[in-house]
1. When you look at Ser312, is it at pLDDT below 90 and in the same structural domain as Trp107 (by TED's automatic domain parsing), yes or no?
2. Sort out which residues of the stretch 89-111 are among the charged types (D, E, K, R) and closer than 20 Å to Pro300 by Cα, and write them in order of number.
3. Which of the residues spanning the stretch 161-219 are over 26 Å from the mean Cα position of the chain (by Cα) and in contact (Cβ under 8 Å) with a residue 40 or more places away in the chain?
4. Can you say whether Leu204 is assigned to a strand (DSSP E or B), under 30 Å from Ile226 (Cα atoms) and in contact with an Asp or Glu (Cβ under 6 Å, 6 or more places away or on another chain), as far as the supplied structure shows?
5. Exactly one of (1) under 17 Å from the mean Cα position of the chain (by Cα); (2) at pLDDT 60 or above; (3) more than 30 Å from Ser257 (Cβ to Cβ) is unmet by Arg367. Its number?
6. Identify, by number, the condition in (1) touching a Phe, Trp or Tyr at 6+ places or on another chain (Cβ under 8 Å); (2) surrounded by 17 or more Cβ atoms within 10 Å (Cβ to Cβ) that Arg112 doesn't meet.
7. Scan the stretch 168-193 for residues that are of a type in the set (Val, Ile, Thr) and assigned to a loop (DSSP other than H, G, I, E, B) and jot them down.
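The values are calculated or read from the model by the stated rules, or taken from the named source; none is laboratory data. Just so it is clear, the model here is predicted, and its values are computed rather than measured. For neighbour counting, all protein chains shown are included, and Cβ atoms are generated from backbone atoms with ideal geometry for every residue, glycine included.
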Amino acid sequence: MAPPLAGDEEDEKARWCGLNMDVMEMILKPLPIADHISVSVVCKSWRLATSDIILPALRAPWLLGSHMDSASLNWGFYTSSNGGRSLGLEIPREFRSQWCCGSSKGWLMHLRQPRRRFREYEARLLNPITGATVELPSFPPTIIKSIISTSPFATDFMLAALCFELTNFDKYVIVYQPRHPRCKKILVDDAIDIMFHHGRLYVLTDSAEIWVCMFDPRWKVSFQYIPTLYEEEDRHPGSYWGKLVGCNDGVFVVYCSVTTGVEGQQLKVFKVKEWGLRGRRRRRAVEVNSLGGRTFFIGPFSDGVAISKMKSSSKLDIIKPDHIYYLAGSEYSLWAHCMQKGRSFRVEGFKPVDHILEWFIPDLEDRSSLMIVTPTHSRSLLLTIIIVVFAVTVRCMLGWLSI
């Protein structure tokens, strides 16, 4: 095979795509996961060469972690399916001293302290795989969780942040849309979680009620109310936490009462169901005893995500279907709730390496923009291309000498 130095564009493309698979795997294997993702968008053969490394890492959400060092947060990514190994991917240095308050649809939201005192914090979105950033308006420093409705480059993009007041700790929701100059403040009593689903904002309250916010083109909001999950006589004593989880066919609520620590928690799952004629549809959350083969991942400031047909590929894989995974306790240990057995347990074989851990869901369905946006690890990717060219050239020269 001649090196790709001459000929028309189609012949050159064919030569690149026809590289020996064994040579490709040998060259690409030691590179970080971000470079594998970037290489995989070049062509089908390159994607096949990287699939053995990319696909196992994407079978379950990643974990975003940090040591909380005084000088730098050192955010990095780790696998969740086979014990928490490092993916060799870190966020850019300029973001390491900033607080991450959101992990949603492949993007992170970071807050940067303003230069002047008594000012709101500067906010930015970061795609840690491509290195792309999006500037946002200022936000209060009391954000508990931030989420996005879709890609920030889409026309229907919206961002919602769950915040609290410093004076009385009352919670409220801020919604931002680039087409409108001002953020919208939504007051919902005792909001504890938020989620976008099909363009609507769902707000879960501490009293186990759900408010659905719908936005029209004029930026006006209307509300739909979903009744309380629990009847008054069925409520559990103690403290509560609740999380919203969205999937293609509906909205779920994971609701938990903690009475005697993590081991004594009582966890229930509800699904929002609709009935009635169009225009008069009614909604209610109904308790379910199965996730339908799905796997739920929930965290403090990440999107609650349902992944379908999570099948174990090895004995080391700790992620199972029909389970709910979450991080709890002072040691940031990984816990799971088995829907079939109706009990929660600490996941063995998972060793957290950091003090702050949160889910990160890489969105790689459309990877075309990776070749447009400059990757964070562009030097490693450039080195990969140089090595590939060198390997092909050497191979051709050896073939020529043997003739």
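1. yes
2. Result: Arg96, Lys105.
3. Passing the criteria: only Trp219.
4. yes
5. With (1) under 17 Å from the mean Cα position of the chain (by Cα); (2) at pLDDT 60 or above; (3) more than 30 Å from Ser257 (Cβ to Cβ) applied to Arg367, the lone miss is (2).
6. (2)
7. Val188
Conditions tested, residue by residue: (1) among the aromatic types (Phe, Trp, Tyr); (2) out of contact with any Cys (no Cβ under 8 Å at 6 or more places or on another chain); (3) surrounded by 12 or more Cβ atoms within 10 Å (Cβ to Cβ).
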| residue | (1), (2), (3) |
| --- | --- |
| Met158 | no, yes, yes |
| Phe164 | yes, yes, yes |
| Thr167 | no, yes, no |
| Ile174 | no, no, yes |
| Pro178 | no, yes, yes |
| Cys183 | no, yes, yes |
| Val188 | no, yes, yes |
| Asp193 | no, yes, yes |
